[in-house]
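Q: Quick one: structure below, then a few questions.
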Amino acid sequence: NYMEKFTFKVKNKEYESPKSNPTGRELLNLIDLIPAEDYELFLKIAKREYEPVQLDEVVDLTQPGIEKFHVKRRYEIPYLLDGEHFSTYECLITPAQILQDNGYHPDKFYLKQIEGNREINFKQDLEHLISLRPNTKFITCKKAPTPVA
């Protein structure tokens with residue numbers, strides 16, 4: 001019994017829907033953005049053009065060109081970087097983007113996410129898509145200088 005999957009992308013990361021015609025809410029739930037009411041979903045229709053998708057609106061993922069979306073938080077998400085408070089509307093963000101937004105060069109610094117007594121190290125994955133939750137804690141770490149031969 002072959003289950004067809006319908007793919008869509010948010011920030012160049014691919015996700016799958018078991019349905020060809022999910023609602024905006026179902027798409028947000030598939031990418032773990034809950035409650036969906038906290039987010040705005042946009043369908044990319046042209047190079048720099050987006051169309052809002054309502055939570056109860058059905059999206060036909062079988063249509064050609066219907067696969068890229070953008071998501072924004074409806075209000076700013078506070079986060080901590082090196083103990084200082086910052087915020088963004090981007091709910092899906094990369095370590096490189098957090099570093100650049102705060103004046104750190106990704107060639108010289110990397111990011112660690114602190115969860116309780118756990119550390120998630122993004123040194124090797126600056127383009128990892130982080131689902132940003134309120135008050136997520138990060139620290140910057142200086143990369144060791146590359147020795148000159």
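Q: Counting only Cα atoms, I'd like the Rg/Rh figure for segment 30-72, Kirkwood definition for Rh.
A: 0.95
Q: To the nearest 0.05, how large is the calculated FRET efficiency for K112 and E37 if R₀ is 25 Å and r is the Cβ-Cβ distance?
A: The pair K112/E37 has a calculated efficiency of 0.20.
Q: So, for the chain, what is the accessible surface per residue at a probe of 1.4 Å, expressed in square angstrom?
A: 63 Å²
Q: Just from the alpha-carbon atoms, what are the Rg and Dmax of segment 60-148 in angstroms?
A: For segment 60-148, the Cα-based Rg and Dmax read 15.4, 54 Å.
Q: Using modelled backbone amide H atoms (1.01 Å from N, in-plane), which distant-in-sequence or interchain residues come within less than 5 Å of S17's amide H?
A: Here the answer is F6, T7, F8, since their amide H atoms fall under 5 Å of that of S17.
Q: Next question, about the same structure. Within 10 Å of each candidate Cβ there may be at most 12 other Cβ atoms; applying that plus a DSSP loop requirement, which chymotrypsin sites (Phe, Trp or Tyr not before Pro) in segment 1-37 survive?
A: Those that pass, being in a loop and sparsely packed, are Y2.
Q: Let me ask something else about it. Say we join alpha carbon atoms closer than 10 Å with springs in a Gaussian network model of the chain; which of K68, K108, K123 then has the biggest fluctuation?
A: Largest GNM mean-square fluctuation: K108.
Q: Over the Cα atoms of the chain, what is the Rg over Rh ratio if Rh follows Kirkwood?
A: Taking Rh as the inverse mean 1/r over Cα pairs, Rg/Rh reads 1.04.
Q: 7 Å from Cα along Cα→Cβ at both A46 and K68: what's the point-to-point distance in nm?
A: About 1.4 nm, to one decimal.
Q: Going through segment 72-114, which GluC sites (Glu not before Pro) have at most 12 other Cβ atoms within 10 Å and a DSSP loop state?
A: Those satisfying the criteria are E76.
Q: Roughly to the nearest percent, how much of the accessible area of the chain is carbon and sulfur, given a 1.4 Å probe?
A: 48 percent
The values are calculated or read from the model by the stated rules, or taken from the named source; none is laboratory data. Remember, it's a predicted structure, so these values are computed and weren't measured experimentally. For neighbour counting, all protein chains shown are included, and Cβ atoms are generated from backbone atoms with ideal geometry for every residue, glycine included. Only protein heavy atoms, including side chains, enter the accessible area calculation; ligands, DNA and RNA are left aside. Shrake-Rupley method; radii C 1.70, N 1.55, O 1.52, S 1.80 Å.
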